[in-house]
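Take a look at the structure below.
We did not get these values from a lab; they are worked out from the coordinates using the rules stated. The structure presented is a predicted model; accordingly, all values stated were derived computationally and were not measured. FYI the Cβ positions are ideal-geometry reconstructions off the backbone, even for glycines, and counts take in every protein chain you see.
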Amino acid sequence: MESFVGVKCYGVYAELKKCRDYGFKDQICRASVSIPSNIAEGMERDSKKETIHFLHIAKGSCAEVRTQLHIASKIGYIEKQVVDELLNVAESISRMLHGLIKSLGGRS
């Protein structure tokens, strides 16, 4: 799962490669990289509780990316059609994380 998520998160980087608002670009890129990073870290943990904790962090980062994508669309940094595609990916990832957390016995 983390490799799928990692590949999909690079879309944010690609869309903002020419963005000169470095604060915004840094924030959304950090959040998008946080998703697969926390999935990977959680899967390496020794306890189910810790794994679930890191999956929740990844899910939170996913929500942050979705919020920032809406902002990027409103201020014209990314075209609405591209934002819609990236939002679909982010929502899909969030649903997968929800299912994984639930399957591990966590609450989401």
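Of note:
- Considering only Val65, Val12, Val82, the Gaussian network model of the chain with Cα springs below 10 Å gives its largest mean-square fluctuation to Val82.
- For the chain, averaging the sequence separation of C-alpha pairs within contact (under 8 Å, six or more residues apart) and dividing by the residue count gives a relative contact order of 26 percent.
- Partners of Lys25 within straight-line reach, counting lysines whose Cα lies under 21 Å from its Cα and excluding those fewer than 8 residues away in the same chain: Lys8, Lys17, Lys59, Lys74, Lys80.
- Helical mean residue ellipticity (222 nm; -39500 (n - 2.57) per DSSP H run of 4+; nearest 500) of the chain: -28000 deg cm²/dmol
- If you take all other residues with their beta carbon under 12 Å from the beta carbon of Ser73, and give Lys and Arg +1 and Asp and Glu -1, the sum is -1.
- At most 16 other Cβ within 10 Å, DSSP loop - GluC sites (Glu not before Pro), segment 2-108: Glu44, Glu79
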